[in-house]
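See below for the structure under consideration.
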Amino acid sequence: MNKTAIILPVETKSREFHGKLWMALHLLHAGHPVLFGSQARLWDYADVVEPAIYLDKSVAATRATWFQRCRAMGHNVVSWDEEGLVFFDAWLYRKQRIDPRSFESVARFFAWGEVQRDAICEEYPQFRDTIALCGNPRFDFLRPELRSFYDKAAAELRQRFGPMLLVNTNFAFHNHFKSPEEVQKLLARYPINSEPGYMDKWIAMHREMHEAYLAVVPDILARYPNHAVVVRPHPSESHAPWLELAKQHPRLHVDSSGNVHEWILASEVVIHFNCTTAVEAYLLDVPAIAYRPKRYPRYENHLPNALSENAFSEAELMVALEGRGSARERGVLWTAEQQATAERYMAGLSGPTAAERITAEIVEQANRIQPRRFSLAERLSASARRAWRVKLHARREAQVETDGYSAQKFPGLDEAEIRETMNRMMECSGVRAKYEVRPFAKYCFWLIPTGEGA
């Protein structure tokens with residue numbers, strides 16, 4: 001009997017693509033077909049796929065209706081929370097990201113680590129048995145034995161830019177890609193709006209820190225005349241203010257292409273505010289500096305700051321930059337306390353990788369279920385509906401000009417990119433799978449196992 005298929009959607013390509021494709025490799029190795037590609041596309045085609053296991057990236061309130069639809073189509077739902085590693089406090093995390101209706105619909109939830117699990121179970125102890133401590137597969141390539149996956153891309157960036165300082169921004173609530181009116185509608189759906197003034201202060205923090213970073217970057221450029229400064233905006237941010245600043249400074253570059261991990265490895269230091277990239281830099285042995293010229297007690301993420309050298313003024317930032325090469329020796333980074341903190345927040349830093357852990361959980365779920373197979377008539381009907389939708393979507397896209405936001409988050413995908421990336425993953429990891437690629441819809445592909453993994 002054919003093994004149960006797994007649906008792996010990708011929303012933000014620069015962040016999720018490698019981790020999800022790494023998951024696909026392990027699932028193929030275990031003999032499971034994988035439907036892989038753009039989340040926005042796969043949502044439109046889930047009803048023409050035989051009942052499968054759908055791996056989502058959230059259990060927020062926005063998922064409740066979608067999960068109900070998935071289950072009505074015959075799919076089993078499992079999930080992790082892509083945003084579940086870094087948060088201000090447990091109460092706010094649950095308020096924003098954990099919806100009990102959504103959680104009740106998932107057969108298994110893959111937690112980043114103990115801190116996230118405990119934050120959930122503090123209010124929802126009934127979900128403890130649903131939660132598995134696994135980590136997240138996009139962090140697997142930060143482990144020393146897998147880091148070589150990024151060697152070629154990091155070397156190309158060093159060749160392109162020379163000595164480089166990386167600034168990762170995280171100010172989307174103020175500097176969003178979409179218009180202020182659209183952002184207001186978006187933010188109005190956040191559950192935290194039930195606390196008057198909370199969101200307004202959050203937006204104000206983003207505005208003030210965005211302005212502070214716009215002001216300090218020229219000073220960094222002046223201090224380091226032989227270095228390039230690369231600003232990498234958050235996937236939801238507008239690049240426009242930074243591109244405008246770059247017109248005045250030839251050594252300032254604005255680029256959000258590729259995976260942030262290769263950019264971190266190519267850099268001498270990462271400068272950030274409240275950003276997960278500090279955690280990634282810590283795990284990659286690259287110094288991270290949290291530039292925090294103003295304090296926001298209710299709005300600061302503990303983990304990135306705990307794994308960074310903290311600078312509370314521009315003068316302290318410059319001192320930290322000067323000492324970036326000696327951060328370990330000075331005892332401000334990679335301490336025993338920081339390692340213990342990292343291990344509480346993240347499973348899978350050693351031992352089985354996150355992908356291995358999650359694959360084992362999914363295989364166990366697949367072995368428990370006997371999904372209903374489509375009859376011949378249903379398969380023919382599903383094929384016809386899929387083909388019709390592909391043509392309909394192509395016609396609509398040719399007629400309607402997009403705002404560019406979707407393309408910024410998911411700029412496309414083809415078979416060649418899948419194969420090239422998968423080959424590099426197999427080469428650096430030793431995990432093998434024989435498979436074929438079949439187009440399904442735009443930016444979506446079936447990955448079909450064709451033999452036993454090595």
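Since every read-out is calculated from the coordinates, none of them should be taken as a lab result. The shown structure was predicted, so the numbers you read here are calculated from the model rather than taken from an experiment. Quick reminder, even Gly has a Cβ in these numbers, built from the backbone with ideal geometry, and neighbours come from all protein chains shown.
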*Compute the whole-percent fraction of alpha carbon pairs in the chain spaced more than 30 Å apart.*
46
*Let me know the shape class of the stretch 220-271, please: from the alpha-carbon gyration tensor, a ≥ b ≥ c as square roots of the eigenvalues, rounded when a/c is under 1.5, otherwise prolate if a/b is greater than b/c, or oblate.*
oblate
*What angle do you read, to the nearest 10 degrees and between 0 and 90, between the alpha-carbon axis of helix 198-223 and the longest principal axis of the chain?*
60
*Taking neighbour counts of Cβ atoms within 10 Å as a proxy for exposure, in what order, fewest first, do Leu245, Leu265 appear?*
Leu245, Leu265
*Antiparallel DSSP beta bridges within the stretch 147-345, as percent of all bridges there, nearest 5*: 5
_Antiparallel %, DSSP beta bridges [both residues in the chain], to 5_ = 25
*Calculated log₁₀ intensity ratio I(q)/I(0) where the Debye formula runs over C-alpha points of the stretch 147-345, q = 0.13, 0.16, 0.18 Å⁻¹*: -0.72, -1.08, -1.33
*Sort Trp22, Trp334 so the one with the fewest other Cβ atoms within 10 Å of its own Cβ comes first.*
Trp334, Trp22
*Quick one: Cα centre-to-centre distance for the stretch 249-264 and the stretch 18-55, in angstrom?*
30
_Which of Ile120, Ile203, Ile220 has the fewest Cβ neighbours within 10 Å, and the rest in rising order_ = Ile203, Ile220, Ile120
_Please compare each pair in Lys20/Lys247; Lys95/Lys178; Lys20/Lys294; Lys3/Lys57 to a cut-off of 29 Å on the Cα-Cα distance and tell me which ones are over it._
Lys20/Lys247; Lys20/Lys294
*Report relative contact order for the stretch 147-345 in percent, whole number only (criteria: Cα-Cα under 8 Å, sequence separation at least 6).*
22
